[in-house]
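First the structure, in the form of structure tokens, and then the observations on it.
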Amino acid sequence: MAPVLAGLRVCLGLFFALTGAAKLTEQLSPQVHAQMKAQFVQFADVFPLKDLGYQPDPDRYLQAVGWIELAAGFLLAFGPQLLREISNFVLTLVMIGAIYTLLVLKEPVAMCAPAALCLGLLLLLNIRGRGTRPHKDKFQ
């Protein structure tokens, strides 16, 4: 089971790194980057802290999420154990935010499916990816 989870962790980390890179530059796919820019205008309008007086600039919001996904994706895929756990937590928060945003925008449930799938895989890695902890025998 450990090799399967390690493979899943690397693939999921690389997926996040790639999606982060697509947000940061149009070199990978101009169409995807343009679509992301347009979506983040809507995402900034429903930012959870808007009620507290903070509404991010859509371009900076896109850049921030892109850098977070890129860095956390690489750390999830190739980082040491502690940094993998931290990046898993950060990416989990990003996916919860993505699902929240899509629901507030009243997007179809199918639009939430990729974020929900990624969230489920991150939670699976968090729960199952820790391995077994050695326990001490009571009689030693």
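The values are calculated or read from the model by the stated rules, or taken from the named source; none is laboratory data. Since we're looking at a predicted model, the values are computed, not measured. Here the Cβ is made from the backbone with ideal geometry for all residues, glycine too, and neighbour counts use every protein chain on show. Note: accessible area is taken over every heavy atom of the protein model, side chains too, but ligands, DNA and RNA are not part of it. Shrake-Rupley method; radii C 1.70, N 1.55, O 1.52, S 1.80 Å.
Scanning the stretch 71-89 for residues that are open to solvent by less than 50 Å² (accessible area, probe 1.4 Å) and either aromatic (Phe, Trp, Tyr) or within 9 Å of the chain's Cα centre (by Cα) (or both) yields a count of 4. Among the residues of the stretch 17-25, is any farther than 21 Å from Leu83 by Cβ, touching a residue at least 40 places away in the same chain (Cβ under 8 Å) and polar (S, T, N, Q)? So far as the stretch 17-25 goes, no, none of its residues is farther than 21 Å from Leu83 by Cβ, touching a residue at least 40 places away in the same chain (Cβ under 8 Å) and polar (S, T, N, Q). When residues in the stretch 96-125 are screened for being surrounded by 13 or more Cβ atoms within 10 Å (Cβ to Cβ) and free of Cβ contacts under 8 Å to residues at least 60 places away in the same chain, 17 of them pass.
Return yes when Ile96 is within 11 Å of the chain's Cα centre (by Cα), at negative phi and not aromatic (Phe, Trp, Tyr) and no when it is not. The answer is yes for Ile96. No other residue among Leu82, Leu52, Leu5 is among the hydrophobic types (A, V, I, L, M, F, W, C) and in contact with a Leu (Cβ under 9 Å, 6 or more places away or on another chain) apart from Leu5. The residues of the stretch 48-62 that are more than 14 Å from the chain's Cα centre (by Cα) and touching a residue at least 24 places away in the same chain (Cβ under 8 Å) amount to a single one, Pro48.
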